[in-house]
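Just below is one structure, and these are the notes that go with it.
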Amino acid sequence: MPDDFQAPSGTEVWLVRHGETEWSRDRRHTSFSDLPLTEAGEDAARALAPRLAAERFDRVLVSPMGRARRTAELAGFTDPTVTDDLVEWQYGDYEGVTNDEIREDVPGWTVWTHPTPGGERPEDVSARMDRVVADVRATGGKVLVVGHAHGLRALTARWLGLPVSEGRLFRLDTSTLSVLGYERETAVILQWNS
């Protein structure tokens with residue numbers, strides 16, 4: 001990083017993972033399958049509204065998937081900017097399949113460490129998340145991002161300047177709030193999975 005780097009003043013990224021769906025509850029990989037929130041998922045998304053109400057966001061970005069858009073709406077954000085780069089990691093042949101089922105054929109498989117047949121490569125996910133990070137840093141301010149587990153974990157890794165595979169270190173539950181920002185000029189995690 002150049003010595004003259006100045007972090008955009010007040011730049012923060014508030015991350016919200018969408019509410020529970022049937023497949024997220026059952027730990028099935030969900031990317032392009034657009035499942036609705038469960039009743040519990042809708043309740044948890046509504047519970048985010050009072051936590052976010054006191055914040056003033058310069059922008060609200062959301063994945064185009066219905067589960068993310070519905071979470072944003074229930075949390076009080078009815079007119080977000082839909083951003084295709086925020087879709088979930090594309091699982092290809094593993095769509096709707098659990099890790100345990102995949103590991104019957106590929107021991108030790110994770111999306112972070114192994115290929116995903118018919119799905120997205122880590123470098124493709126990294127390129128998408130890099131565009132989101134660059135956009136947020138270029139415009140600054142406080143940005144709310146509503147998306148998906150692996151995608152937001154990958155975004156966090158790229159925010160910190162880590163390879164996308166290091167998203168494996170950041171557990172992210174449904175309907176949780178996390179905050180990325182800066183300590184002086186260093187990109188940091190300010191709050192996680194709360």
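Below are the figures for this structure:
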read-out	value
Subset of the range 98-132 that is in contact (Cβ under 8 Å) with a residue 40 or more places away in the chain, of a type in the set (A, V, I, L, M, F, W, C) and assigned to a helix (DSSP H, G or I) - its residue that is surrounded by the most Cβ atoms within 10 Å (Cβ to Cβ)	MET129
Members of the range 46-63 that are surrounded by 14 or more Cβ atoms within 10 Å (Cβ to Cβ) and either in contact with a helix residue (DSSP H, G or I) (Cβ under 8 Å, 6 or more places away or on another chain) or within 19 Å of ARG25 (Cα to Cα) (or both)	ARG46, LEU48, ASP58, ARG59, VAL60, LEU61, VAL62, SER63
Residue list for the range 59-97, restricted to those being among the polar types (S, T, N, Q) and either part of a loop (DSSP other than H, G, I, E, B) or at pLDDT below 95 (or both)	SER63, THR78, THR83, GLN90
Number of the exception - ALA68 against (1) more than 13 Å from the chain's Cα centre (by Cα); (2) under 17 Å from TRP14 (Cβ atoms); (3) not acidic (Asp, Glu)	(1)
Odd one out for ASP43, checked against (1) within 13 Å of the chain's Cα centre (by Cα); (2) closer than 15 Å to SER24 by Cβ; (3) free of Cβ contacts under 8 Å to residues at least 40 places away in the same chain	(1)
Cβ pairs under 8 Å, 6+ apart, first in the range 177-194 and closer than 16 Å to GLY140 by Cβ, second acidic (Asp, Glu)	VAL179/GLU12; LEU180/GLU12; GLY181/GLU12; LEU190/GLU12
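The values are calculated or read from the model by the stated rules, or taken from the named source; none is laboratory data. The shown structure was predicted, so the numbers you read here are calculated from the model rather than taken from an experiment. Reconstructed Cβ throughout: ideal geometry from the backbone, glycine too, with neighbour counts over all protein chains shown.
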